[in-house]
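A short reminder: the numbers here are calculations on the coordinates, not readings from a lab. Bear in mind that the values here come from a model prediction, so they are computed numbers and not experimental data. Cβ: placed from backbone, ideal geometry, glycine included. Neighbour counts: every protein chain shown.
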Amino acid sequence: MSQFDFEALGKNVRKPSRNLEVFPKPQGVEKVVMESDEVTSLCPVTGQPDWETVVIEYAPDNHCLESKSLKLYLWSYRNEGVFCEALAAQIAQDIYDACKPLWCKATVIQKPRGGIKITATASAGNQPQS
């Protein structure tokens with residue numbers, strides 16, 4: 001039996017959710033990068049589908065983000081109208097609010113539509129300058 005009480009992980013979940021779950025950060029973890037190329041949303045004006053790759057980077061303080069809850073979270077945008085830039089900002093803020101990292105960065109790479117590819121990056125917290 002697991003020491004964790006997750007709502008999604010290990011359970012048969014068949015619907016999207018905006019509930020991001022966390023677990024205690026293992027000793028020595030400095031940075032986490034999570035990436036999904038299976039994200040979809042809708043153009044908020046035309047309703048046409050958009051396909052995105054989402055890259056999330058964060059420096060955990062006390063908690064890490066549980067990946068199944070992230071999958072369900074990203075799925076929740078499937079039928080939502082949102083601009084690429086707003087999606088990056090919302091994801092960064094939601095990750096930051098959920099696991100309280102030192103910093104978080106979300107990059108959304110929208111696949112070309114009409115010959116135009118969009119990449120938007122948003123940050124939350126105090127990311128060190130490279």
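Could you list, in sequence order, the residues of the stretch 23-39 that are surrounded by 11 or more Cβ atoms within 10 Å (Cβ to Cβ) and not in a strand (DSSP E or B)? Before the answer, list the steps.
Here is the first cut: in the stretch 23-39, the residues surrounded by 11 or more Cβ atoms within 10 Å (Cβ to Cβ) are 23-25, 31-32, 34-39.
The answer is LYS25, LYS31.
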Every residue in the stretch 88-102 that is buried (at least 18 other Cβ atoms within 10 Å of the Cβ) and over 9 Å from the mean Cα position of the chain (by Cα), please. ALA89, TYR96, ALA98, CYS99, PRO101
Can you spot a residue in the stretch 43-50 that is under 24 Å from LYS15 (Cβ atoms) and within 13 Å of the chain's Cα centre (by Cα)? no
Could you list, ordered by first residue, the pairs with Cβ atoms under 6 Å in which the first is in the stretch 101-130 and closer than 27 Å to ASP61 by Cα and the second is of a type in the set (D, E, K, R), at least 6 apart or interchain? PRO101/ASP61; LEU102/ASP61; LYS105/GLU57; VAL108/GLU52; ALA120/GLU85; SER123/LYS105
